[in-house]
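Just below is one structure, and these are the notes that go with it.
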Amino acid sequence: MTLKLTRQVDRLHVRVYADRQAMGEAAGREAAEAIKERLREAGTARIIFAAAPSQNEFLQTLAADAEIDWSRITVFHMDEYIGLSTDAPQLFSRFLREGLFDRVRPGTVHLLDASVDAETEMRRYAGLLAEAPIDIVCLGIGENGHIAFNDPPVADFSDPFAVKAVELDEACRKQQVNDGCFAKLADVPTHAMTLTIPTLMAGGRLFCMVPGPTKRDAVRHTLEGPIGTACPATILRTHPACTLYVDEDSYGLGWSGRYGV
């Protein structure tokens, strides 16, 4: 495990690894330990997951940990497209089922359903989220600094809703093409349901995995810019227990020297 650098920005812990594999494995192991600790202390755990290629190595590491008792865990995911068919390969619910849930069989799986009326579905999901506190949130950061689908034009640090419908920023939609999820921009849905920023920030412990060169600007803005909705991920610097995991490609060690280790 090649840990290259650690630092703290406001309250945010930052860990830089040599490559995305090392980053994902380290984050997965630390999240696994947090899950097991929560199960020992409380008997159950409630966890929100992101669905994106940036999470692959992390999810693989979690799935490989045989000591996690998934039967006592309730899982959620943080966003879903509006308007995709129920069998579309790009559905985030499908990504998480295939990448983690079908492998580990959580006790309870709550998925956003893109096939029903969005307003009704968001109310249903908000009710499920409100049943008990969220213990752990596993997330990433988008190329435009979004967390979940809270893009800069729609991000609200004091959002009154737990789940809301949003129009996706063009930069966000282009990322879906860059990630290989869609062949062209016209194929990417224009709207989605997303958990809001207060919902994500209410998690007891946050693990944020952000690899790759296309995320370098977003990481730099997250760590260097003013805390505000122009880069929604800057809010992570205010959370009392959030760790940002990056690799050299996303962090850019060329500008890290001014901060120290």
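Every read-out reported here was derived from the displayed coordinates using simple, explicitly stated rules and does not represent laboratory data. Bear in mind that the values here come from a model prediction, so they are computed numbers and not experimental data. Virtual Cβ from ideal backbone geometry, glycine too; neighbours counted across all protein chains shown.
Observations
- Label-reachable residues, region 1-44, where backbone N falls under 17 Å from a point 7 Å from T238's Cα toward its Cβ: 9-13
- In the elastic network of the chain, a GNM with C-alpha springs shorter than 10 Å, the most mobile of V116, V14, V137 is V116.
- Pair T2, D69: separation of 7 Å Cα→Cβ label points (nm): 3.9
- Paramagnetic reach from V9 in region 27-59 [backbone N under 16 Å; point 7 Å along Cα→Cβ]: none
- Remark: E33, E248 ranked as E33, E248, counting other beta-carbon atoms within 10 Å and listing the fewest first.
- Extension gain (nm, one decimal) between D19 and T108, 0.36 nm per residue minus Cα-Cα: 28.7 nm
- Cβ crowding within 10 Å, taken as a proxy for footprinting-reagent exposure, orders Y245, Y125 from fewest neighbours to most as Y125, Y245.
- For the chain, calculated [θ]222 nm from helices alone, where every DSSP H run of n ≥ 4 adds -39500 (n - 2.57): -8000 deg cm²/dmol
- This ranking places K184, K174, K215, K164 by how few other beta-carbon atoms lie within 10 Å of each, fewest first, which gives K184, K174, K164, K215.
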